[in-house]
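The values are calculated or read from the model by the stated rules, or taken from the named source; none is laboratory data. Here the structure is a predicted model, which means the values were calculated and not measured. So basically every Cβ, Gly included, is an ideal-geometry build from the backbone, and we count neighbours across all protein chains shown. Ligands, DNA and RNA are stripped out before the accessible areas are found, and what is left, the full protein with its side chains, is counted by its heavy atoms. Shrake-Rupley method; radii C 1.70, N 1.55, O 1.52, S 1.80 Å.
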Amino acid sequence: MAIPPQVFPPRKRRPSAGAFIPPKFSDQRLLQSLFLLSQEISSLKPLQFLLRRNSLSIIRKTKILAILFEELLKKPILVLSPTLLCFEEMYLVLQRIKTLLEDCVNGSKMWLLMQSESIANNFHELTVELATLLDIFSVKEVEVSEDVEELFLLLRKQCSQAKVFVDERDSSLRLDVLTMLDRIQKEIVPDNSKLAEIFDFLGLPNSLSCKEEIENLEDEVQNQKDEKAKSDMIALIGLVRYAKCVLFEPLTPGSDSKTKKLASDANIPADFRCPISLDLMRDPVVMATGQTYDRESIALWIESGHNTCPKTGQALVHTSLIPNQALKNLIAMWCRERKIPFETAGDNNRTNGVIKNKAALEAAKMTASFLVNKMAASQSMEAVNGVIYELRTLAKSNSDSRACIAEAGAIPVLARYLGSDEGVGSLNLQVNAVTAMLNLSILEANKTKIIENGKALNGVIEVLRTGATWEAKGNAAATIFSLSCVHCHRKLLGRKTRVIKGLLDLAKSGPPGPKRDALVAILNLAGDREAARRLVEEGVVDVVKEMINVLPVEAAAILEMVVKRGGIMAVAAAHNTIKKLGTLMREGSETARESAVATLVTICRKGGAEIVAELATIIGIERIIWELMGSGTMRARRKASSLLRIVRRWAAGLDGDFLGHSTVATSSSSSSRVIQNSTYMAGFNKINGAILILLVVMVMSQPAHARLLGGSLLHNVDAIQQGPDLASSGGNDVSEGEEVNKYRPLLLNLLPKGPLPPSGPSKRTNNVVN
């Protein structure tokens, strides 16, 4: 047999803590708890299709115990001390009986069938434990009625004589399923009549019940640790999926908007988002700098020739990526609680037994081939809609299914129903078709197939621009994002005007979910310089400016990327966003603040003094920058420090310095610059006049003290005293000594609260990415 019966996992759920820890109750409370627990078990319905006799027997025994406990509760005074331990142990046994029954009722029927012998043994073991406790309990001492005593003695006799019972029909059916899986593994298509017989016996009469069975089996897989057991469970999932499509009519296809909303509109924690794609991380990895990224995004970054960390700008000592398993488990748990599908990007290339199970793979091929042939042969739109919905669901399940669907030739057939001409008869048809294409595009190999099929790609773009519903447009935008994750495809898509305009139109007028899908796709395309230029020409900056208050993280990230890649046109277009970026630095999330300050640094460096002057008009800008230097991310602190130096050099009249030009001045002009800077600082109401006079006197007596204010205010004083070479290099190489440090406590008390700018050398190096 392909799947030995003994390898299947023993349980999905675990008993509660009450099933292992004896309760610390008083005698009366213990009796009352036993009575309520036995009544609760008695009210449960016996299993309907499997292990019916075992469940019915133990429920009947529990009913008799409930009668005994009820009789004991009627006594006015009852001391249980001699039998207290017996009743405490009985409470534990009843808890385990309840857990086992609930587990069988709520779990997968296929799992229950595969475990029928093991679970029958579990029922027997609980009966034996109950018999032992009933032997210890002396019913004569508690003086119950004769009828109750007779029932008790009968129960004790039945428990002591109980034997393991396995229904022959259960064993026969289990053997049939294992044989069928073995035949599927050998690429033999199952007999439909035999398959229908099995599913009828298990109580799976329609597509809805099969869908619930698949969900239960997937829960079983998530709760298993043994890889071989997971592999065999997935073989069962493949069998149920095949039977669902072959035996039953498809579910009435809907837009599935609830699931989509959960996946796209969920408030994803910041730590679960990849700093590059801003999307939920599927396979978080840690690089040499200690920062965590999604494997797919950071791998693309490294493959593009970068040797620095995207977030910190540090040079990479090595390019090894270490899986962050703890974070991955937290993300998976978070997704499971919200019913959001979670599959790691690395699963596309996994070769372990879980994904590459032979029976599961062959079942997926049979299912995909059946659905594609049925879709091609269907005459009515309603029938086609149902088949496409099944393909959409199958493509969402795992990477093997996506590969099998594409290999069966689904992409050209799906492309027929992406355009509005054939989809007008059903709004859901277009939604299901484009969503199926989105799910297929998750697999790396399928991205190329979609791009190379001109009709499929043009169909997705057409849905993006003229889709019948917002959901269809949003899923088309998500498909563009998925396709653009490959560098060469990003260049191709970024040069298509219809793609650029479609994404911008959706970002401007769409509801929140599709709007975010469009922004994420725009962010991905903006990584290409030519695409960034086209985006600027089409007005992306104006669109993003309106989105800063709605989706600040995405909007700030797009601005940063566009300004970095889009050239002087992008800088000019971003001029009107400076005040909003300043507000975002103060009120945004950690990620948004980082992107905002990075964007401002780039704009100020490329835009000149007018841009810096605009930034300086923001009330309290230095306070905002200082706060970011003290509480932001590592990259945000570095960018904030750069921005502070730019603002202060502009205030000191060193316009050319922050633009990368050298400045040579005289000693008298240096003093003049100091006074000008003091006047400027007073204008900002940051330091009162007395402190300014003190600082000027200190600086004039010892220029190195300027380090206490970041070093950039008195750049030319240092430059003149130390020679023209230092003046042309930026003037930031003056070292601090003990004389400087003795003033630091005084100034820390006099200056505004918040972190001081970093002291010491601050010359930019070539390995820092701004």
Options ALA573, ALA556; residue that is under 27 Å from the mean Cα position of the chain (by Cα), assigned to a helix (DSSP H, G or I) and either surrounded by fewer than 23 Cβ atoms within 10 Å (Cβ to Cβ) or of a type outside the set (Val, Ile, Thr) (or both): ALA556
Examine region 584-600 for a residue that is without any contact (Cβ under 8 Å) to a residue 12 or more places away in the chain and out of contact with any His (no Cβ under 8 Å at 6 or more places or on another chain), and state whether such a residue exists. yes
Residues of region 360-389 that turn out to be outside any helix (DSSP H, G or I) and either β-branched (Val, Ile, Thr) or open to solvent by less than 10 Å² (accessible area, probe 1.4 Å) (or both), as a count: 0
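Only residues that are modelled with pLDDT of 85 or more and open to solvent by 40 Å² or more (accessible area, probe 1.4 Å): list them for region 292-313, please. Step through it out loud before you land on a result.
Going residue by residue through region 292-313, those that are modelled with pLDDT of 85 or more are 292-295, 298, 309.
Correct list: ARG295 only.
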Go through region 228-272 and report how many residues are modelled with pLDDT under 85 and either of a type in the set (Lys, Arg) or touching a His at 6+ places or on another chain (Cβ under 7 Å) (or both). 5
Being in contact with a Phe, Trp or Tyr (Cβ under 6 Å, 6 or more places away or on another chain) and either surrounded by 22 or more Cβ atoms within 10 Å (Cβ to Cβ) or basic (Lys, Arg) (or both): is that true of VAL612 here? yes
Residues that are within 19 Å of GLU296 (Cα to Cα) and either over 21 Å from the mean Cα position of the chain (by Cα) or at pLDDT below 90 (or both): list the helices (runs of 4 or more DSSP H) wholly contained in region 475-552 that include at least 1 such residues. 487-494, 512-525
May I ask you to list the residues in region 207-233 that are surrounded by fewer than 16 Cβ atoms within 10 Å (Cβ to Cβ), in a loop (DSSP other than H, G, I, E, B) and either of a type in the set (Gly, Ala, Ser) or in contact (Cβ under 8 Å) with a residue 12 or more places away in the chain (or both)? ASN223, ASP226
Kindly provide the set of residues from region 40-52 that are buried (at least 16 other Cβ atoms within 10 Å of the Cβ) and in a helix (DSSP H, G or I), ordered by number. ILE41, SER42
Does ALA596 fit the bill of being touching a Gly at 6+ places or on another chain (Cβ under 9 Å) and part of a helix (DSSP H, G or I)? yes
Among the residues in region 428-442, are any aliphatic (A, V, I, L, M), touching a residue at least 12 places away in the same chain (Cβ under 8 Å), surrounded by fewer than 24 Cβ atoms within 10 Å (Cβ to Cβ) and over 23 Å from ALA518 (Cα atoms)? no
Please pick out the residue among LEU151, LEU251, LEU204 that is in a helix (DSSP H, G or I) and of a type in the set (A, V, I, L, M). LEU151
Of the criteria (1) among the aliphatic types (A, V, I, L, M); (2) within 29 Å of PRO269 (Cα to Cα); (3) open to solvent by 50 Å² or more (accessible area, probe 1.4 Å), which one VAL541 fails: (3)
Might you let me know whether region 395-408 holds any residue that is under 19 Å from PRO250 (Cα atoms) and among the polar types (S, T, N, Q)? yes
Is there a residue being assigned to a helix (DSSP H, G or I), closer than 22 Å to GLU89 by Cβ and not charged (D, E, K, R) anywhere in region 140-148? yes
Tell me yes or no: at least one residue of region 138-154 is within 50 Å of the chain's Cα centre (by Cα), open to solvent by less than 60 Å² (accessible area, probe 1.4 Å) and more than 30 Å from LEU239 (Cβ to Cβ). no
How many residues, within region 423-453, are among the small types (Gly, Ala, Ser) and within 25 Å of SER399 (Cβ to Cβ)? 4
Whichever residue in region 237-251 is within 27 Å of the chain's Cα centre (by Cα) and over 11 Å from LYS211 (Cβ atoms) and, among such residues, is surrounded by the most Cβ atoms within 10 Å (Cβ to Cβ): GLY238
Residues of region 584-607 that turn out to be open to solvent by 50 Å² or more (accessible area, probe 1.4 Å) and of a type in the set (Asp, Glu), as a count: 2
Would you confirm, using the coordinates I've provided, whether LEU181 is without any contact (Cβ under 8 Å) to a residue 12 or more places away in the chain and either farther than 22 Å from THR62 by Cβ or part of a loop (DSSP other than H, G, I, E, B) (or both)? no
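Residue by residue, here is whether (1) at pLDDT 80 or above; (2) crowded, with 17+ Cβ neighbours inside 10 Å holds:
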{"position": "LYS74", "(1), (2)": "yes, no"}
{"position": "ILE77", "(1), (2)": "no, no"}
{"position": "LEU85", "(1), (2)": "no, no"}
{"position": "GLU89", "(1), (2)": "yes, no"}
{"position": "THR99", "(1), (2)": "yes, yes"}
{"position": "ASN106", "(1), (2)": "yes, no"}
Can you confirm whether ARG11 is open to solvent by 60 Å² or more (accessible area, probe 1.4 Å) and either at pLDDT below 90 or of a type outside the set (A, V, I, L, M) (or both)? no
Flag if THR289 is touching a helix residue (DSSP H, G or I) at 6+ places or on another chain (Cβ under 6 Å), outside any helix (DSSP H, G or I), among the polar types (S, T, N, Q) and open to solvent by less than 50 Å² (accessible area, probe 1.4 Å): no
